[in-house]
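Report on the structure given below.
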Amino acid sequence: MNYDILVIGSGIGGMEAALKLGDMGYRVLLVEKEPSIGGKMILLSKVFPTLDCASCISTPKMAAAAHHPNVQVMVYTEVKEIKKNGSGTFQARLRKKPTFVDPALCTGCQQCETACTVAVPDQFNFGLVARRAAYIAFPQAVPKKAVIERAGTSPCSFACPAGIRAHGYVSLVRSGKYEEACRLILESAPFPGSLGRACYARCEQECTRAGLEGPVAIRQIKRFVADYYYGAHPEPEDAPPIAPSGKKVAVIGAGPAGLSAAFHLAKKGHAVEVFEAAPLPGGMLRYAIPAYRIPREVLDRDIKNVTTLGVKINQGKRVTDLAGLKDKGFDAVFIATGTPRGRKMKVEGEDLAGVVNALDFLRDVNAGRVSLQGKTVLVVGGGNVAIDAARTAMRLGAARVTVQYRRSRAQMPAHDWEIEAAGREGVVFEYLAAPVRFLGENGKLAEVESVQMELSEPAADGRRIPVSVVGTERKRPADLVVIAVGLEPETEYFGDQLAVNADKTIQVNPATLQTSIPFVFAGGDVVTGPSSIARAVGHGRRAAFFIDRYLRGEDLAGAEVEFDCRLPVVSKEEVLKRQESYRDLPPVSKKEILREKPGDFTEVELPLTEEEARSSAGRCLDCGVCAECRQCVATCPAGAINLAAKEAEKEVEVGSVIISTGLRLFPAGGKPQYGYGRFKNVLDAMQMDRLLAPTRPYNTVLRPSDGKIPNNIAYVLCTGSRDATVGNPLCSRVCCMYSLKQAQLLTGVLPLADVTVYYIDIRAFGKGYEEFYEQAKGMGVYFVKGRISWIEEKEDGNLLLTYEDIENGGKLSRAEHDLVVLSVGFLPAPEVRGLFSAEELAVDEFGYIREVEEDVNPGKTSIAGVFAAGSVSGARDIPDSILHAGAAAAQAAAYVERIRGKK
Amino acid sequence: MKKVSRDRREVIREEMLRREKILAALREGPRTVPEVAAALGFPAGEVMFWMMGMRKYGHLEETGEPTEEGYYRYQASVKGES
């Protein structure tokens, strides 16, 4: 048996039971689902009728429970299931939720809270004020350790193939931390400038806000931060020196995959040399994407993020001898040569001068070798490369540029916005058309013969095949044909050194990117075939991780968990359910300079202004709650933050179980006629207790609507209790007294304020309660016998209460107040009912745990060995809860002794 | 026209977005919540959430006694200004 008694719930009842049992010498496990023990009492202002400070009573008990040698406290832990064993003991399965903060290191300094960029309602202040995603529950929390609330990985961050924490940099931009945002991107990828312009933004496709008015403009926000950061830092910032590992890595190919791998490998201390066949580094970013989409100075600045780490780039140097690299002292090789060759159409005349593939065309343009002034150009293909080639041809002065695509517009793989932009620049599209041969004179292209296509009936896979329509051949003159029908790798250079697939891509282990040669890894398009920049960047990052492990002699198998430590993606439906309503916040519109026949390569997309970037970031819904902006990691002086922490399950055997999970407040919105949740100055009593507590959310008692000190406060007793209309006929037992407590405190805090209590009858049954009532009257609190029928809100936030004035003949009367407190009743907490897997824990007709021998064995439940402590079996005031917990502790101790005796 | 209250979570989320503008308004001198709301053009109830959140984390603080109308004035704290 691991523990004698398991106590579930650490409110005043649970703490009392645990302490009494600990004092008796029993080993107690006290489990609490919140990050701190203390329950509701620690959040109260004072207790009645003594008006003693609730914190002053609670905190010694909290400290005693946390430090008792026989009591082990597990916070942020849920009991998932309890099963009774044959011997009378219990098997409990616990789920310890990750706090993402090492409690042994956290000093409770709150710097993570201050640095956090996500604001959410503070449940410990009942929504009156914000807390941060990184938070300490309340100032007297025990243990006083930070917790980071993470609902999962936000869909945007989860979708990014490059592993960039999109939610993180969006959240930083919302907070005005632009440089930090760029640095966060630079933790994952060296190309914020290029990705901010040319990434196809899977993040936006997955953005939860896309289900409302449209996605957050995540890519444009990235561009904004890159431009801002590069403006401030034309050269990379000095970074702390990295200890050399003594290992050398060769990277073949200086495209997005190769440079990303080099970047991450260099950050690990490896000496990296990149070999690039082209004259300049950048790969597709430079040679396939035109400068009007990625200005070359932006790309060059991106590449500096790599070279500043000491990475040497050998330009104009093709390397194919892998063993030779090994001989030259390289310990590992990463091949990232992309898909540099355009596919052939295999039609007559394709070898004529004037018929080129798109990549060669774009490369030549980049080298300044092309002029198309007054020429007629035909581009064949429907992908983004085709559109890039067509728009480039327009910029080179072509008189007419036509894109011919053999399927329909709907099937065109290029993005809609690029097709539309090309159209606005003067590119003509011919759908369902394809060239069948190219005709030339003296080896030079002169004409193109094309044919009309039609789509076949859908095949088994649903795809419709384009077939030519007989008799529709048509010739037209052309000066240049650009073929953009696909790209493929050039892996034949490596001969038979490597295992290669039929499509010429290199065979790799998909997790580690290791090839058939252990010291050689490969990634990017040379492995995947034509893909996206972000995916190539992600491959580079992945390869660097596994190459690093390889170089350190660590096992590669099974290391995926360490590489990808993301939490599961958050459900968008769950995110949207967090709010009852959403204000319409339309996304910023894309701004491009699009004019017919553009004459130069000026960037077409305009940047977001600072205001646009921030307001766009302000549309973010914080799906994962924590944005993973890592400001807490950067700020924590103790290095206590660990965002890779995982939840843990634990199973314990215990002799007895005490349930002390308390009760829940009646949700005041359940009486809609009182306007709670709609009228800002209608509070529930727990909120007022927070306003009166020493750790209050405001500087004093203020109206939430405008911060005004209220001077005419109303209490509405029996809200949601003694009320059959809401299904709760029970008296809360304490709402009269806690209201009188608050009324008395208010007369002290706000001496000029009037306090009126609307009641049915005052139940002052406990010791000193009647005197407490008389004391309130003596302090000037008004009492009106009558139930409130409804409340209306005035323009100034004041509230009109309509009530039955019982002591004046039962007439309907109205009164105006500037703050209303609803003295809510209690409801049973539902969590415990399904805890026991083999036996059913009986509850009474109201849902509270049934005490089967309440008169003679208080706390005893329907399951032998399971006891109820405090208000989990019915509403109680604090003294009664403590008394009841003591009884439950005694019952549990007796049970443990009985089962010991049987053994 | 009757004001429509926004969801509390949505309002609270915007604190980071509004912080600098609120601090800029307070740089002109201590102001009440309604005064800041008027300066920024937002409902006072929303500004209350943002300013109390900022107060909780030390960006602003109340000054002296309340006005005759019953409002405290707030100023940027040293931390808020840093």
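The values are calculated or read from the model by the stated rules, or taken from the named source; none is laboratory data. Every value quoted in this text rests on a predicted model; they were computed, and no experiment measured them. We place every Cβ from the backbone using ideal geometry, glycine too, and count neighbours over all the protein chains shown. Only protein heavy atoms, including side chains, enter the accessible area calculation; ligands, DNA and RNA are left aside. Shrake-Rupley method; radii C 1.70, N 1.55, O 1.52, S 1.80 Å.
Taking the criterion of being farther than 21 Å from A:Phe783 by Cβ and within 14 Å of chain B (Cβ to nearest Cβ), would at least one residue in the range A:723-742 satisfy it? No.
Residues of the range A:38-70 being assigned to a loop (DSSP other than H, G, I, E, B) and either without any contact (Cβ under 8 Å) to a residue 12 or more places away in the chain or within 30 Å of A:Ala743 (Cβ to Cβ) (or both), which ones? Matches in the range A:38-70: A:Gly38, A:Gly39, A:Lys40, A:Leu44, A:Ser45, A:Val47, A:Phe48, A:Pro49, A:Thr50, A:Leu51, A:Asp52.
Of all the residues in the range B:1-35, those that are under 13 Å from A:Gly618 (Cβ atoms), surrounded by fewer than 21 Cβ atoms within 10 Å (Cβ to Cβ) and more than 7 Å from every other protein chain (Cβ to nearest Cβ) number 1. Is there a residue in the range A:394-403 that is at pLDDT below 95 and in contact with a helix residue (DSSP H, G or I) (Cβ under 7 Å, 6 or more places away or on another chain)? Checked the range A:394-403: no residue is at pLDDT below 95 and in contact with a helix residue (DSSP H, G or I) (Cβ under 7 Å, 6 or more places away or on another chain).
On the basis of being in contact (Cβ under 8 Å) with a residue 24 or more places away in the chain, closer than 30 Å to A:Leu105 by Cβ, out of contact with any Cys (no Cβ under 9 Å at 6 or more places or on another chain) and away from every other protein chain (no Cβ under 14 Å), does A:Arg150 make the cut? No. Got at least one residue in the range B:51-61 being among the aliphatic types (A, V, I, L, M), assigned to a helix (DSSP H, G or I) and either facing chain A (nearest Cβ under 7 Å) or surrounded by fewer than 20 Cβ atoms within 10 Å (Cβ to Cβ) (or both)? Yes, some residue in the range B:51-61 is among the aliphatic types (A, V, I, L, M), assigned to a helix (DSSP H, G or I) and either facing chain A (nearest Cβ under 7 Å) or surrounded by fewer than 20 Cβ atoms within 10 Å (Cβ to Cβ) (or both). Within the range A:123-145, identify whether any single residue is among the polar types (S, T, N, Q), surrounded by fewer than 24 Cβ atoms within 10 Å (Cβ to Cβ), closer than 15 Å to A:Leu643 by Cα and touching a Pro at 6+ places or on another chain (Cβ under 8 Å), and answer yes or no. No, the range A:123-145 contains no residue that is among the polar types (S, T, N, Q), surrounded by fewer than 24 Cβ atoms within 10 Å (Cβ to Cβ), closer than 15 Å to A:Leu643 by Cα and touching a Pro at 6+ places or on another chain (Cβ under 8 Å).
Taking the range A:373-404 as the range and being more than 44 Å from the chain's Cα centre (by Cα) and either among the β-branched types (Val, Ile, Thr) or open to solvent by 10 Å² or more (accessible area, probe 1.4 Å) (or both) as the test, the residues that pass are A:Gln373, A:Gly374, A:Lys375, A:Thr376, A:Val377, A:Leu396, A:Gly397, A:Ala399, A:Arg400, A:Val401, A:Thr402.
When A:Glu816, A:Glu771, A:Glu851 are screened for being in a loop (DSSP other than H, G, I, E, B) and at pLDDT 95 or above, only A:Glu851 passes. With respect to the conditions (1) in a helix (DSSP H, G or I); (2) crowded, with 21+ Cβ neighbours inside 10 Å, A:Ala323 lacks only one, and its number is (2). Out of A:Ala627, A:Ala644, A:Ala638, one residue alone is crowded, with 20+ Cβ neighbours inside 10 Å, of a type in the set (Gly, Ala, Ser) and in a loop (DSSP other than H, G, I, E, B). It is A:Ala627. Within the range A:675-698, the residues that satisfy the criterion of being more than 32 Å from the chain's Cα centre (by Cα) and open to solvent by 10 Å² or more (accessible area, probe 1.4 Å) are A:Leu692, A:Pro694.
Within the range A:572-601, if we keep just the residues that are of a type in the set (Ser, Thr, Tyr) and touching a Lys or Arg at 6+ places or on another chain (Cβ under 9 Å), the residue that is nearest to the other protein chains (Cβ to nearest Cβ) turns out to be A:Ser581. Residues in the range B:63-80 that are facing chain A (nearest Cβ under 9 Å), surrounded by 18 or more Cβ atoms within 10 Å (Cβ to Cβ) and touching a helix residue (DSSP H, G or I) at 6+ places or on another chain (Cβ under 9 Å): B:Tyr71, B:Tyr72, B:Tyr74. Residues in the range B:36-50 that are free of Cβ contacts under 8 Å to residues at least 12 places away in the same chain, open to solvent by 20 Å² or more (accessible area, probe 1.4 Å) and closer than 20 Å to A:Asn681 by Cα: B:Ala38, B:Ala44.
Looking only at residues in the range A:435-484 that are under 19 Å from A:Lys346 (Cα atoms) and of a type in the set (Ser, Thr, Tyr), the one that is least open to solvent (accessible area, probe 1.4 Å) is A:Ser450.
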